[in-house]
Amino acid sequence: MTPGSALDETNHFVDLYKKEVEPVVAEEVERHMNKEGMTIMEILNKNRDTQSEIAGSMPPIRESKYGIRIADQFKVVLARKLLLTIRDKRQVLTKFGASVFQVSQSE
């Protein structure tokens, strides 16, 4: 069975594939090549509908090159920035101190 060994039957299996399987596969491929499939939006909406059945209500799919609206992206980035800033107390104190120093310098 192993290619290159004394019991190598690779050519036999290749011949069987070409005789028995390849014509069936080629016919199936040819049949589907002429069939029009779903558009990208149809695939996405079908997937969304399936996921909605499992996970509940989901927002509609928008035909856009952007995954989410700019306002939603801004909210996520701002929330992450605020969380990271709050976690780093030294950064908060440094920014506060710099602001106080700038105000006192401008007067």
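Each value in this text was obtained by applying a stated rule to the coordinates, not by laboratory testing. Model, not experiment: these values are computed from the prediction. FYI the Cβ positions are ideal-geometry reconstructions off the backbone, even for glycines, and counts take in every protein chain you see.
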A careful count of residues in segment 63-107 that are in a helix (DSSP H, G or I), among the small types (Gly, Ala, Ser) and within 35 Å of the chain's Cα centre (by Cα) gives 2
State yes or no: is ILE54 assigned to a helix (DSSP H, G or I) and surrounded by fewer than 10 Cβ atoms within 10 Å (Cβ to Cβ)? yes
